[in-house]
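S.K.: Take a look at the following structure, please.
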Amino acid sequence: MIEIDYTVEIAAPIDEVWTYLWNIPNWAHLMIGFQTVKVVDEQHSVWTLKGDVGVLSREVDLEVIIDEWEPRSFLNFTVNGLTEQIAGSGTFGIGEVPDGSAPAQAVPSGQGGSVSAQAVPSGPGGSASAPAGTGASPAGESWRRRLGRRWAEFVFRVITKSARRQAGQRTRNAPTGTPNTAPAGASGSGPRSRLTFHLEVSPGGPMAPMIELLMSPLLEPAAKDLAVGIRTELEGREQ
């Protein structure tokens with residue numbers, strides 16, 4: 001299972017943040033790989049996302065169901081793969097930032113910041129297994145398993161390198177200024193809200209451990225882009 005969290009503070013009141021989030025077409029385009037979204041009703045939608053990393057390119061259809069919510073506070077959702085064996089759940093949490101508190105600062109993942117992503121593939125019997133390339137080959141491992149492990153390691157390195165390159169490109173193209181803070185002059189001048197995005201994803205099938213290795217470095221920047229994109233659009237309305 002892969003778990004991801006990201007938190008931003010938004011220079012907008014809770015009511016406005018909630019109304020924006022509840023209307024899915026407002027922010028659907030901010031998802032990395034977004035192709036289309038079909039809103040069935042206020043609780044059900046069908047998404048088409050596309051992964052495109054090097055020679056790997058594939059569209060995935062997902063059903064998203066909002067199964068629990070409390071206005072101005074949170075909405076919980078579940079994700080079911082329609083074209084792939086994948087399942088997950090997540091939460092958008094909204095809270096009011098007290099007056100006088102300092103805006104939150106974003107810290108890069110791995111340095112105690114607000115982004116985290118972890119994938120722990122399961123080995124035979126449900127025990128955790130280390131990613132390929134982190135230790136010696138088990139005694140008696142067949143040549144097919146060794147070949148598969150080496151291939152997984154190669155693909156993982158390619159995708160990780162590509163994800164880092166994409167993250168670097170986004171950083172170079174981003175506006176200058178301190179990340180994850182309200183626009184100049186906004187701090188203390190009006191209501192602020194705290195938005196937290198949490199997502200858990202579990203691939204299925206015999207290739208699940210490899211898929212987790214491939215997805216983990218990609219979902220972390222996706223969570224950040226979504227949360228920061230929502231903040232940018234809401235704060236843009238305030239200006």
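The values are calculated or read from the model by the stated rules, or taken from the named source; none is laboratory data. Since the model is a prediction, treat every value here as computed from it, not as a measurement. Here Cβ is always computed from backbone atoms with ideal geometry, including for glycine, and neighbour counts include all displayed protein chains.
S.K.: What single numbered condition from (1) at pLDDT 60 or above; (2) outside any strand (DSSP E or B) fails to hold for Glu200?
M.R.: (2)
S.K.: Considering only segment 174-197, state which residues are polar (S, T, N, Q) and at pLDDT below 50.
M.R.: Thr176, Thr178, Asn180, Thr181, Ser187
S.K.: When you scan segment 1-119 for strands (runs of 3 or more DSSP E) that lie fully inside it, which ones turn up with 1 or more residues that are in contact with a Pro (Cβ under 9 Å, 6 or more places away or on another chain) and at pLDDT below 95?
M.R.: Those strands (runs of 3 or more DSSP E) span 2-10, 74-81, 86-96, 116-119.
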